[in-house]
Amino acid sequence: MSKSGFSTSTQVPGKLGQRFVGGTRAAIWHKSLPAKLRGQLTDDDPTAAFAAWQNHLAKRKQPEPLERLLPEGRDALLWGLGRDDSAGLPEPLGQRSASSTGQQRVLAWLSASTSAAPSTAYAVETIAWAWQLPALAGCVDASTWWAVLEHLLNTADEADAIDPQTQPLLHQLLAGELPLTLAYLLPELTPARRLVRDARKTISRGLVDLLDGEGLPHAVNLPLLRPLLACWTRCSMMAECVEGGGLASAARTQYEWLVRQAIRFARHDGSAMFPPPPGGQPDLGLLRAAIALGGDEEDKLIATLALPGSDKQSRKRADKFALPEPSLHGEWAEVAMLRPDWSRTATRLGVTYPGDRVDLELIVGRDVLIAGQWEARLFLDGRRIEPEGEWEEICWVTDDEIDYLELEIDYAEGVRLQRQLAMARDDGFLLAADCVLAPEGAKLAYQATMPLAAGARFEPERDSHEGWLGGENRRALVMPLALPEWRALSGPGELQKIENRIHLSMQTDAHRLYAPLWFDLDRRRAARRFTWRRLTVAEQLEVLPRDVCAGYRVASGNEQWLVYRSLAPVGNRTLLGHNLVSETLVARFDNNGEVETLVEVD
């Protein structure tokens, strides 16, 4: 056994090879093979028999080779993956390549496979060699060809031992795509045909088990959305051509939903949000193939708006239709998307919250500004405390005005952290806030960081507490509402850049704390005067302290907004003349000074 757990014997010819070289067994050939050819595949002259097999593989019209079956040919094996994974792919072999060259390359690969680690790159390389099998017969001897086939069959067989939950992509590639590829390419061989049933089950089960019912993978697997889509797209194309290979009905439905999710979680250039390291490629060929295979008319319309390559007239036509909701929250998946529309330039915020971490990806226009974990460090009476639970969604609201997500997690010593994300559709802002609730009598300190994406920068102002976030150009203004606008005034904390992160710190002698960040994402307001102020909140004519509730006014030019959060049990309170009995309010002021609610949580 190799380190990968797969049998990698390079003994030639091996058991299957012996059936051919040392004496053909009729059972190896499927009845679909032409009778005339079967008559040539006899035990009498193995050399002549293999020559007949070579000739058959060289002249047959079906199945289609890789470059005809898939739009991008060999490159389609790398859909969804980093281009670094291409290093191990074998160069294409012609049907009659020099036998010495082919023989050496094949034997070298078989030898290297004995120490291959169980990785995605190894799996893709193995599938690439499977696609070489028909051409390989023309440039290696019989025993070597059979040894390669035997190795691939053994690899597919032993891939069942891979845990589909902890290594879903590796399992789908080696236990699903590899055997289906062999069955597709070599239907004349009974051992290859026998793989179809298990491969079909593996792929169908993967689509059902790894997606949430609406095509959304769990947060921990969201970076695998494109690689899994690529695997299942290739498999779906082959399955249509293999007898008994069609996917289960539930699996096909999940694939169709996954196509829409791939469009929804695409960046401006078509690459995937939350990509696997070291980064994603646009892979527009994959998206086009997947839409053609599993997309409906709505998917084609939203792709016209969301993906590169469409002309202006097509986008105008698509924009006239009633399109599906661009935002979503997947409770099982622990994933949310906050975005106002389907356009490529739409500001969007992707959120995942598996376990005790929250990851964000904030995109404004062409620029990815924030990418990675939004981390909070809490200190109770000077001692750092750690999470003791997992993030849970406690509120999700989406409508024509705003997308709002609220999460909660338990910390040690009875502390709770509640996290709010609110993105206004027309108003062009993002509110990202933490509310820390500790037992009475405790003193709190809070530190939070948001990592900048590659190429993004954050520029804190010298004299005031706001900062500018952007790429080559400024894209967003960040205002820490709980801090005074001017640094000369004493305040409860600091907003700064530390290394490559936005860092907000606050401290209080009280046992409750609210730490809101306001991101003004509308570039049209960049030249306007802006300000923010903490508001006085009263209940029964008494001014309430900071640890009971917090209210803020944000202004940019003539536009103004209101943010309110109760930290204690709700009461009948008033701020700026507006009366409310709720836990959270995010609102705008209209031209008459009246409050227009964007979201209100009781």
**OP:** Return the total of residues in segment 354-404 being assigned to a strand (DSSP E or B) and free of Cβ contacts under 8 Å to residues at least 60 places away in the same chain.
**Re:** 6
Subject >> Sole exception among (1) closer than 30 Å to residue 569 by Cα; (2) over 31 Å from the mean Cα position of the chain (by Cα) for residue 464, by number >> reply: (1)
Original post:
Considering segment 415-430 alone, what residues qualify as being in contact with a Phe, Trp or Tyr (Cβ under 7 Å, 6 or more places away or on another chain) and without any contact (Cβ under 8 Å) to a residue 60 or more places away in the chain?
Top reply: 417
Original post:
Within segment 475-495, can you find the residues that are outside any loop (DSSP other than H, G, I, E, B) and surrounded by 15 or more Cβ atoms within 10 Å (Cβ to Cβ)?
Top reply: 475, 476, 477, 478, 479, 480, 493, 494, 495
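Counting only residues that are part of a loop (DSSP other than H, G, I, E, B) and farther than 19 Å from residue 222 by Cα, which one in segment 279-306 is nearest to the chain's Cα centre (by Cα)? Please lay out each step first, then the result.
Of segment 279-306, the ones part of a loop (DSSP other than H, G, I, E, B) are 279-283, 295-296.
So of that shortlist, the ones also farther than 19 Å from residue 222 by Cα come out as 295-296.
On the way: 295: 19, 296: 21 Å.
Step by step, filter segment 279-306, then rank; the result is 295.
For every residue, the table says whether it meets (1) modelled with pLDDT of 95 or more; (2) aromatic (Phe, Trp, Tyr).
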{"site": "468", "(1), (2)": "yes, yes"}
{"site": "478", "(1), (2)": "yes, no"}
{"site": "482", "(1), (2)": "yes, no"}
{"site": "492", "(1), (2)": "no, no"}
{"site": "513", "(1), (2)": "yes, no"}
{"site": "523", "(1), (2)": "no, no"}
{"site": "535", "(1), (2)": "yes, no"}
{"site": "541", "(1), (2)": "no, no"}
{"site": "549", "(1), (2)": "yes, no"}
**OP:** Determine, yes or no, whether residue 226 is basic (Lys, Arg) and crowded, with 24+ Cβ neighbours inside 10 Å.
**Re:** yes
**OP:** Would you please list the contacts, defined by Cβ atoms under 6 Å and residues six or more apart or on different chains, that run from a residue in segment 431-444 that is on the phi < 0 side of the Ramachandran plot to a residue that is part of a strand (DSSP E or B) and surrounded by fewer than 18 Cβ atoms within 10 Å (Cβ to Cβ)?
**Re:** 437/416
Subject >> Count - residues of segment 453-466 that are of a type in the set (Lys, Arg) and at pLDDT 95 or above >> reply: 1
**OP:** Could you grab me the full set of residues in segment 333-353 that are under 29 Å from residue 209 (Cα atoms) and either assigned to a loop (DSSP other than H, G, I, E, B) or outside the structural domain of residue 368 (by TED's automatic domain parsing) (or both)?
**Re:** 333, 334, 339, 342, 353
**OP:** Please specify each residue of segment 312-332 satisfying the condition of being part of a loop (DSSP other than H, G, I, E, B), free of Cβ contacts under 8 Å to residues at least 60 places away in the same chain and of a type outside the set (A, V, I, L, M).
**Re:** 319, 320, 321
**OP:** Might you check whether a residue that is in contact (Cβ under 8 Å) with a residue 12 or more places away in the chain, surrounded by 21 or more Cβ atoms within 10 Å (Cβ to Cβ) and within 30 Å of residue 336 (Cβ to Cβ) occurs anywhere in segment 174-191?
**Re:** yes
Original post:
How many residues does segment 138-162 contain that are more than 16 Å from residue 109 (Cα to Cα), more than 36 Å from the chain's Cα centre (by Cα) and not in a helix (DSSP H, G or I)?
Top reply: 1
**OP:** Give the residue that is surrounded by the fewest Cβ atoms within 10 Å (Cβ to Cβ), with candidates limited to residues of segment 242-268 that are small (Gly, Ala, Ser) and free of Cβ contacts under 8 Å to residues at least 60 places away in the same chain.
**Re:** 249
**OP:** Could you tell me whether any residue of segment 306-313 is modelled with pLDDT under 95, farther than 30 Å from residue 67 by Cβ and not assigned by TED's automatic domain parsing to the domain that holds residue 447?
**Re:** yes
Subject >> Single unsatisfied condition, residue 334 versus (1) of a type outside the set (Phe, Trp, Tyr); (2) surrounded by fewer than 22 Cβ atoms within 10 Å (Cβ to Cβ); (3) at positive phi >> reply: (2)
Original post:
Does segment 451-458 contain any residue that is within 27 Å of residue 487 (Cα to Cα), of a type in the set (Gly, Ala, Ser) and assigned to a strand (DSSP E or B)?
Top reply: no
**OP:** Kindly establish whether residue 199 is over 19 Å from the mean Cα position of the chain (by Cα), surrounded by fewer than 17 Cβ atoms within 10 Å (Cβ to Cβ) and not in a loop (DSSP other than H, G, I, E, B).
**Re:** no
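Which of the residues belonging to segment 459-474 are assigned to a strand (DSSP E or B) and not polar (S, T, N, Q)? Spell out the reasoning first.
Within segment 459-474, the first condition is being assigned to a strand (DSSP E or B), and the residues that meet it are 459-460, 464, 467-470, 474.
Residues satisfying the conditions are 459, 460, 467, 468, 469, 470, 474.
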Original post:
Just a yes or no: is a residue in segment 270-278 buried (at least 22 other Cβ atoms within 10 Å of the Cβ), part of a helix (DSSP H, G or I) and free of Cβ contacts under 8 Å to residues at least 60 places away in the same chain?
Top reply: no
**OP:** Return the pairs, sorted by first residue and then second, in which the second residue is among the aliphatic types (A, V, I, L, M) and not in a strand (DSSP E or B), the first residue lies in segment 577-602 and is under 18 Å from residue 433 (Cα atoms), the beta carbons are less than 9 Å apart, and the residues are 6+ apart or on different chains.
**Re:** 582/570; 583/570; 602/570; 602/581
Original post:
Among the residues of segment 358-372, is any touching a helix residue (DSSP H, G or I) at 6+ places or on another chain (Cβ under 6 Å), closer than 30 Å to residue 70 by Cβ and aliphatic (A, V, I, L, M)?
Top reply: no
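For segment 73-109, what are the residues that are of a type outside the set (S, T, N, Q) and at pLDDT 85 or above?
Pass one, segment 73-109, residues of a type outside the set (S, T, N, Q): 73-85, 87-94, 96, 98, 102, 105-109.
If the condition is that a residue be of a type outside the set (S, T, N, Q) and at pLDDT 85 or above, then 75, 76, 77, 78, 79, 80, 81, 105, 106, 107, 108, 109 are the ones that fit.
The values are calculated or read from the model by the stated rules, or taken from the named source; none is laboratory data. Computed from a predicted structure; not experimentally measured. Ideal geometry is used to build each Cβ from the backbone, glycine not excepted, and the neighbour counts take in all protein chains shown.
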